[in-house]
Amino acid sequence: MKSAEETQTSQDGTLKSFVDLFLDPLHNAAGKHPEWCAVFRDSALQAQRAPLVLPRLWEATTESAYYVIARRPNEAAVIRDLLVAFAGPSFVKVGYDVPVDLDDGDVIEAAIAARYGSASTFKLRAPRDKRKALHGALTRMLALVEHSPQRAWSAPKPLGRLLTDFESALVGGAPQVAAEILDQIGRQGGLSVANLKHLQIKRLAVLGRAQELLNLPGLREILLQDPPRAVKDLVLSAIYSTCIEPALAEGSLEKACAALAQPQVPIALLAEEDPARFSDAAAAALLVGLLARGQKAELARATSALDAVQRSSAVPAGMDSYRATASGTTAEEADPAADASAGRSAWTTEAPHAGGVAWLPASWEKLLAAVADADKAALQVCRDMEAGGSTELPLAADASVDAALADLLSGLSDAGYENVWRYALSPFLQEVARSNTSLPLTLSQITASSIGQRRDPANLAVLDLLLELFLRTSPSADDYDEFLEYLTMRVQEWVASETATQALDFVDRLAAFATPDPQIRAQAALELLAPLNRHAQRLDEACLASAHSLSDELELGLVWPAWQAESSSESAVTILPAHVLVYGMDAGVLERVQQWMADHYPQVKMSLSGDKVGSSRLREVARHADFSVLITQCATHAATNFISQHAQAVVYPRGAGSVSVVRAIVDALQDRSAQLAAAEDGRKRGR
């Protein structure tokens, strides 16, 4: 066994080998300038707490970048905060707030991924006139982090608050924020390994990354512990989208059955489950599993049970003969008490509800009241709704219903409101969005109740969704004024250059909908834009152009500087022609994104989709697009899984508004254009 001293020596040697590889002039022209690299090389080898900062130079194009690498997997969020404080957006417009997607085909980036992981690294590029300033800022950052007193980088939050923020980020369409919160939950502790995996499964499902979900380490062990039905539903839906659906698209049930023999498919999950209790995709997976095992009698009863509850669409095409076999068979009614997971709290494992009897509320008012009291059966209903199962609770478009819901929410205790926000907010807002129901009082009350909460990225994402749903209701002038007053409270605490996209998303939604009082709208927009206008030089191209356009559209009288992109600047990347697919459920956002791109980058072809399920057209578009942008706010798992399966590359914006989506597209286009230009230059030099 190695001693501690020998182990440390071995680790130091491995680190030195990595740094030597990174700065090798064969791969990195920065290695030819040791005086430039010395301070960063010394810090990388000697520091214990500061991140690695290593420069890179492409000699042929004179392009340069700084790679900022977290030494430990749980420090990526900390690195982002440091870069916001020291570098961006003063010296760097992009790359400081989101880890870069490392290229396995690049020697240096492949080495980073192998040693530190794929989500460990930020790649900073500065304009030529800001290089010296960025060099100094990063040098100061390394010195201060390494020699300052030890501190906790994030204030500890109660576990319940973190779980609420996680749910908020997902329903608000901010999956990257959800990933950061999930990382914080893992570091802080308080959840079992199984429950932490449940949250990982949910996030991957929302992102549409079904294949990654099935390959999640420890998935089989989690399923052996009889997780909540919602977790099983997401796993079954992933099996359907990755293994079964492609075969069914070819019209072959035989291939669909054979696909279940793939190593990543947890076969045990396909046995002894009632298809009628699951969403359509999950039910279809269970039916194919029954067919694959030759259990035709059970298959006949299952198809009959689905037919009996008007869910024939869940039965895969080609199973009509098995349904015919069942014509004389009495369908077995589902027994709610038989479900071992009935009554468990959403996404975490708890004991069954007392009595084990399934409870169906008569109205949303009764459901929210029960959730506020932490009734486990009510939490089960919310979980079923969110998983896309058969549990439905229509929302009446009635003024009395709106008033009753608003009164209920206004009278909740802090603990009760936390329960509603954590467990019921997502299915409730998704039902409001689906049914297009007008509930201005209820939405205003939810917004008012959030005033005391910190305006962190998760809550801002939910506010964006609440604003969209509220504006759809065609509110009166008084309701409009009250809601916007709640929305703009404390803007001075959160509106800044690093949150510019969120603020601009709010203003863009205000401009997109009719207003009962233009003066009230203009005042709210001014409150959101004024802090950005004072620091306009810190905004990137997409945000500055959007701010200028919105100010003109709303006639706010704000003067914005023109975007200065010097021809010598490394940030001035020429956007090459490309094809981009943008998927989302808000048609207004999709249309505004398309118009903005047409005005600024007409060479980029845009395809839009709001389909809830996959189709042959959507498959072809996803396959031929250079990359697909998925807006996950209120998106369906079936469609996101389908696109991710067929897309060449997938991009997730940090928010669900049009400005966030535009910025994500522009960043991805710039990266793509830079990579293509570098590849072309490499081919020329290789001739």
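Observations on the model:
- Pairs where the first residue, in region 13-42, is more than 25 Å from Val145 (Cα to Cα) and the second is small (Gly, Ala, Ser) and loosely packed, with under 15 Cβ neighbours inside 10 Å, C-beta under 9 Å, 6+ apart: Ala29/Ala60
- Output for region 206-234, where each listed residue is buried (at least 21 other Cβ atoms within 10 Å of the Cβ), without any contact (Cβ under 8 Å) to a residue 40 or more places away in the chain and out of contact with any Lys or Arg (no Cβ under 7 Å at 6 or more places or on another chain): Leu213
- Note on region 427-444: residues that are buried (at least 22 other Cβ atoms within 10 Å of the Cβ) and either in contact with a strand residue (DSSP E or B) (Cβ under 8 Å, 6 or more places away or on another chain) or more than 23 Å from Val507 (Cβ to Cβ) (or both) amount to 5.
- Test result for Val662, in contact with a Ser or Thr (Cβ under 9 Å, 6 or more places away or on another chain), over 17 Å from Gln211 (Cα atoms) and at pLDDT 85 or above: yes
- Scanning region 44-64 turns up no residue that is modelled with pLDDT under 90, part of a helix (DSSP H, G or I) and out of contact with any Leu (no Cβ under 7 Å at 6 or more places or on another chain).
- Test: Arg617 is more than 30 Å from Ile244 (Cα to Cα) and at pLDDT below 90: no
- Residues satisfying the stated conditions in region 274-293, i.e. outside any helix (DSSP H, G or I) and surrounded by fewer than 22 Cβ atoms within 10 Å (Cβ to Cβ): Asp274, Arg293
- Per the conditions (1) in contact (Cβ under 8 Å) with a residue 40 or more places away in the chain; (2) outside any loop (DSSP other than H, G, I, E, B); (3) touching a Leu at 6+ places or on another chain (Cβ under 9 Å), the sole criterion not satisfied by Leu191 is (2).
- Residues within region 429-462 that are in contact (Cβ under 8 Å) with a residue 60 or more places away in the chain and within 27 Å of Glu493 (Cβ to Cβ), tallied: 8
- Residue tally, condition surrounded by 15 or more Cβ atoms within 10 Å (Cβ to Cβ) and modelled with pLDDT under 90, over region 357-374: 4
- When Ser118, Ser192 are screened for being out of contact with any strand residue (DSSP E or B) (no Cβ under 8 Å at 6 or more places or on another chain) and modelled with pLDDT of 85 or more, only Ser192 passes.
- Arg229 closer than 20 Å to Val78 by Cβ and either basic (Lys, Arg) or modelled with pLDDT of 85 or more (or both): no
Residues checked against (1) crowded, with 21+ Cβ neighbours inside 10 Å; (2) assigned to a loop (DSSP other than H, G, I, E, B); (3) modelled with pLDDT under 90:
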| site | (1), (2), (3) |
| --- | --- |
| Ala522 | no, no, no |
| Leu528 | yes, no, no |
| Gln564 | no, yes, yes |
| Ser569 | no, yes, yes |
| Leu576 | no, yes, yes |
| Trp596 | yes, no, no |
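Every residue, every condition in (1) surrounded by fewer than 21 Cβ atoms within 10 Å (Cβ to Cβ); (2) in contact with a Gly (Cβ under 6 Å, 6 or more places away or on another chain); (3) polar (S, T, N, Q), yes or no:
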site: Ser43; (1), (2), (3): no, no, yes
site: Val53; (1), (2), (3): no, no, no
site: Thr62; (1), (2), (3): yes, no, yes
site: Phe86; (1), (2), (3): no, no, no
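- Entry remark, region 530-553: residues being under 19 Å from Val491 (Cα atoms) and not in a helix (DSSP H, G or I) number 2 in total.
- Ile222 being β-branched (Val, Ile, Thr), in a helix (DSSP H, G or I) and out of contact with any His (no Cβ under 9 Å at 6 or more places or on another chain): no
- Selection within region 498-540 - touching a residue at least 60 places away in the same chain (Cβ under 8 Å) and basic (Lys, Arg): Arg509, Arg538
- Scanning region 621-640 for residues that are in a helix (DSSP H, G or I) and modelled with pLDDT under 85, we see that the one that is surrounded by the most Cβ atoms within 10 Å (Cβ to Cβ) is His637.
- Selection status of Leu269, over 27 Å from Glu392 (Cβ atoms) and out of contact with any strand residue (DSSP E or B) (no Cβ under 9 Å at 6 or more places or on another chain): no
- Just one of the listed residues (Leu676, Leu618) is touching a strand residue (DSSP E or B) at 6+ places or on another chain (Cβ under 9 Å) and either part of a helix (DSSP H, G or I) or touching a residue at least 12 places away in the same chain (Cβ under 8 Å) (or both), and it is Leu618.
- Qualifying residue in region 178-194 (condition: exposed (fewer than 13 other Cβ atoms within 10 Å of the Cβ), farther than 23 Å from Pro217 by Cα and among the aliphatic types (A, V, I, L, M)): no
- Just one of the listed residues (Glu212, Glu180, Glu109, Glu167) is acidic (Asp, Glu), modelled with pLDDT of 90 or more and outside the structural domain of Tyr96 (by TED's automatic domain parsing), namely Glu212.
- Per the listing Ser435, Ser497, Ser474, the residue uniquely over 26 Å from the mean Cα position of the chain (by Cα), at pLDDT below 90 and over 22 Å from Leu412 (Cα atoms) is Ser474.
The values are calculated or read from the model by the stated rules, or taken from the named source; none is laboratory data. All of these numbers come straight from a predicted model, not from anything done at the bench. Ideal geometry is used to build each Cβ from the backbone, glycine not excepted, and the neighbour counts take in all protein chains shown.
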